[in-house]
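*Asks:* Here it is, the structure, as structure tokens.
Just so you know, all these numbers are worked out from the coordinates, no wet-lab data involved. On a predicted model such as this, the values are computed, not experimentally measured, just so you know. Note: ideal-geometry Cβ built from the backbone for every residue, glycine included; neighbour counts use all protein chains shown.
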Amino acid sequence: MEKIWAKRTDELIKKALEEDLGEGDITTNSTVPADLKSTAFLFSKSDGVLAGIDIAMKVFRTVDQSLETNVFFKDGDQIRYGQKIAEIKGTVASILQAERTSLNFLGRMTGIASKTAQYVEKVNGCHAKILDTRKTIPTMRHLDKYAVRVGGGSNHRFGLFDMVLIKDNHIAIAGGIRIAVEGVICALKDKNLQTKIEVECKSYDEVVEASYTPVEIIMLDNMDIQEIEKSVHAVRKISTENGRTIRLEVSGNVNGNNIREIAETGVDYISIGALTHSVINHDFSLLFDEL
């Protein structure tokens with residue numbers, strides 16, 4: 001899988017550069033001597049958790065293989081305002097042509113890792129793990145989810161192919177939770193597939209119904225804290241009585257103000273779409289040493 005992601009990243013970098021450069025950088029080609037060389041330094045303009053530095057440097061080398069890159073921090077490191085993160089040596093025109101694409105990747109990934117780390121810190125000491133969702137930038141999901149891991153979070157399913165998640169529309173079409181779960185189990189057996197089954201529940205009554213089906217995870221969707229606590233108590237009791245382990249995931253209306261209270265209910269997972277769907281890019285700047 002790592003080889004697939006590496007190939008996909010290479011393709012993504014190529015397409016991103018084609019999008020930005022088009023037929024050529026008109027401004028740089030008009031103002032910068034082609035043989036001018038210098039050293040550029042990459043600075044962090046705020047505090048955060050670094051993610052994507054190797055990809056950012058690869059962008060520069062994709063534009064010009066002769067560029068020399070040197071990084072001073074690795075992914076997962078805490079970085080501070082004003083710190084020098086990396087240096088790029090070589091042709092100024094090449095550095096300028098790679099700058100924006102490189103910083104776009106680095107800014108988004110570091111933003112995701114930093115936001116994730118903030119949520120992870122808020123539930124420190126609790127059992128719950130922070131999960132991402134599929135609310136990612138199309139074609140960039142592997143990078144978004146990598147950045148979540150760098151920030152200390154965990155990945156939910158990567159796509160529709162690697163885990164069963166029975167949501168409200170599936171339940172409505174099937175005619176109920178039990179019928180939907182039974183249909184999934186039959187389909188998996190027919191195809192000789194083994195995977196986790198999760199079902200989304202929007203009420204306490206649905207949670208109880210789901211608890212008596214052979215699912216591994218129950219999602220508590222958009223519930224208030226009282227209903228979450230009630231659901232946790234019921235599922236733990238039913239699981240013990242039946243000698244099973246059912247994990248509980250909270251999703252919807254999670255924010256920095258209520259996540260600690262949610263985690264303290266004893267749920268196993270808390271999924272947060274905002275880690276990737278509305279992340280604020282970390283700010284970086286690129287400055288030339290001699291210029």
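*Asks:* What is the sum of charges around residue 121, taking Lys and Arg as +1, Asp and Glu as -1, for the other residues whose C-beta is under 14 Å from the C-beta of residue 121?
*Replies:* +3
*Asks:* Further question: Could you point to the label whose value was computed as percent of Cα pairs over 36 Å apart for the structure here, given (1) 10; (2) 18; (3) 31?
*Replies:* (3)
*Asks:* I would also like to ask the following. Between residue 131 and residues 5 or more places away or on another chain, which pairs have amide H atoms under 5 Å apart, with H built 1.01 Å from N, and which residues are they?
*Replies:* Distant-sequence amide H within range of residue 131: 154, 270, 271, 272.
*Asks:* With a ≥ b ≥ c taken as the square roots of the eigenvalues of the C-alpha gyration tensor of the range 40-174, please select rounded if a/c is under 1.5 and otherwise prolate if a/b is larger than b/c or oblate if it is not?
*Replies:* oblate
*Asks:* Ok, one more. Between residue 77 and residue 36, what is the FRET efficiency for a Förster distance of 35 Å, r being their Cβ-Cβ separation, to the nearest 0.05?
*Replies:* About 0.65, to the nearest 0.05.
*Asks:* From the helices alone, meaning DSSP H stretches of at least four residues, give me the mean residue ellipticity at 222 nm for the chain, per-run term -39500 (n - 2.57), in deg cm²/dmol to the nearest 500.
*Replies:* Roughly -14500 deg cm²/dmol at 222 nm, from the helical runs in the chain.
*Asks:* What aspartates and glutamates does residue 84 reach when the alpha-carbon gap must be under 20 Å and sequence neighbours fewer than 8 apart in one chain are set aside?
*Replies:* 47, 54, 68, 75, 99, 283, 289, 290
*Asks:* Is the shape of the range 171-291 best called rounded, prolate or oblate, per the rule: a/c under 1.5 gives rounded, else a/b larger than b/c gives prolate, else oblate, with a ≥ b ≥ c the square roots of the Cα gyration tensor eigenvalues?
*Replies:* Here the range 171-291 falls in the prolate category.
*Asks:* Report, by chain and number, residues whose modeled amide H sits under 5 Å from the one on residue 166, excluding near sequence neighbours (fewer than 5 apart, same chain).
*Replies:* Placed amide hydrogens put 198, 199, 200 under 5 Å from residue 166.
*Asks:* Residue 185 label point, 7 Å along Cα→Cβ, cut-off 19 Å on backbone N: hits in the range 212-228?
*Replies:* 212-219
*Asks:* Next question, about the same structure. Could you list 109, 163 so that the one with the fewest beta carbons within 10 Å of its beta carbon is first and the one with the most is last?
*Replies:* Working: 109 29, 163 15.
By the 10 Å Cβ count, ascending: 163, 109.
*Asks:* Let me ask something additional. Over 10 Å intervals from 0, what percent of Cα-Cα pairs in the range 196-260 sits in each interval?
*Replies:* P(r) for the range 196-260, in whole percents per bin: 22, 56, 20, 2.
*Asks:* Okay, next question. Taking only Cα atoms, what is the 0 to 90° angle, nearest 10, from helix 225-242's long axis to the longest principal axis of the chain?
*Replies:* 60 degrees
*Asks:* Pick from 25, 268, 221: which is most flexible by mean-square fluctuation in a GNM of the chain where alpha carbon atoms under 10 Å apart are linked?
*Replies:* Checking each option, the largest mean-square fluctuation is seen for 25.
*Asks:* Specify the angular offset, from 0 to 90 degrees and rounded to the nearest 10, of the alpha carbon long axis of helix 53-63 from the longest principal axis of the alpha carbons in the chain.
*Replies:* Compared with the principal axis, the helix lies near 50 degrees.
*Asks:* Relative to the longest principal axis of the chain, what angle (0 to 90°, nearest 10) does the C-alpha long axis of helix 177-190 take?
*Replies:* 70 degrees
*Asks:* What is the distance, in nm, between label points placed 7 Å from the Cα along the Cα-to-Cβ direction at residue 19 and at residue 236?
*Replies:* Label-label distance for residue 19 and residue 236, simple model: 4.6 nm.
*Asks:* Shape of the range 8-74 from its Cα gyration tensor (a ≥ b ≥ c, root eigenvalues): rounded if a/c is under 1.5, otherwise prolate when a/b > b/c, or oblate?
*Replies:* Note, shape of the range 8-74 comes out oblate.
*Asks:* Please identify, among 113, 51, 34, the residue showing maximal mean-square fluctuation in a Gaussian network model of the chain using a 10 angstrom Cα cutoff.
*Replies:* 34
*Asks:* Connecting C-alpha atoms closer than 10 Å in a GNM of the chain, tell me which of 155, 253, 169 has the biggest fluctuation.
*Replies:* Judging by the Gaussian network model, the answer is 169.
*Asks:* Now for a separate question. Out of the chymotrypsin sites (Phe, Trp or Tyr not before Pro) in the range 115-176, which ones are loop residues according to DSSP with at most 12 other C-beta atoms within 10 Å?
*Replies:* Here the sparse-neighbourhood loop sites are 161.
*Asks:* Residue 159: net charge of surrounding residues, Cβ under 12 Å, Lys/Arg +1, Asp/Glu -1, itself excluded?
*Replies:* Charge balance near residue 159 sits at +3.
*Asks:* Could you give me the ³J(HN,Hα) list for the range 24-41, computed from phi with Karplus coefficients 6.51, -1.76, 1.60 and θ = phi - 60°, whole Hz, x at Gly and Pro?
*Replies:* x, 7, 4, 5, 4, 5, 8, 10, 10, x, 4, 9, 5, 10, 6, 10, 10, 10
*Asks:* For a 19 Å ceiling on Cα separation, which of these pairs sit above it: 7/191; 58/89; 3/196?
*Replies:* 7/191; 3/196
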